[in-house]
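Contents: one structure, followed by commentary.
The values are calculated or read from the model by the stated rules, or taken from the named source; none is laboratory data. Given the structure is predicted, the values throughout are model-derived calculations rather than measurements. Quick note on the areas: whole protein, heavy atoms, side chains included, nothing else; ligands and nucleic acids left out. Shrake-Rupley method; radii C 1.70, N 1.55, O 1.52, S 1.80 Å.
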Amino acid sequence: MKTFVSVVLAGLIVWLVSPQLPNPPDIKKAGKAVSDILQDNISEGEKVTLEYKTFELINQYREEKRLGALKWNDNLHSLAIKHSTYMSETGKFQHSSYNYYENIFKGESYGVKGIPEVALETWQNSPGHNSILLNKSISSGSIGIAKTKGLDYDTYVTFMAD
């Protein structure tokens, strides 16, 4: 994914400094700004896949600790998406006011690992967040992921459980 963004940006830079190259298609006329194209580097299907992958990793972690797997909760999924979207649109990285257990994560650059792995590892390394992952009283949960638009492509992840 990072490679795609690098290629797009490199192509734009080459075009800007190389007057002998033909003009690129008018992206605005095609109905998309450059920032929208960069946002498209993760499709809705890929986002849902990342949500399920993160949730699956949480359940694997819980099972390693001899705790029961959580059930996917569609209501919490809606709230988690709503909160991640709020953070991505406002840039405010903060917990919600919902009355559920909650972990949040902001990913700016994930290197070799993907967002699910880095989010889980970050939560595991924080005693407060880890205690939510391993809470014996929770039975269901969900993950919501949202990405910022434009050149600053942060990813916000919200885990909610009850």
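Just the number please: accessible area per residue for the range 44-162, 1.4 Å probe, all protein chains included, in Å².
53 Å²
On a C-alpha basis, how far is the centre of the range 124-157 from the centre of the range 71-122 in Å? Whole number, if you could?
4 Å
Give K47/K136; K53/K106; K53/K147; K71/K149; K53/K149 a once-over and call out the pairs whose C-alpha atoms are over 25 Å from each other.
As for pairs spanning more than 25 Å Cα to Cα, those are K47/K136; K71/K149.
Which of the three applies to the range 42-162, rounded, prolate or oblate, going by the alpha-carbon gyration tensor with a ≥ b ≥ c and a/c under 1.5 meaning rounded?
prolate
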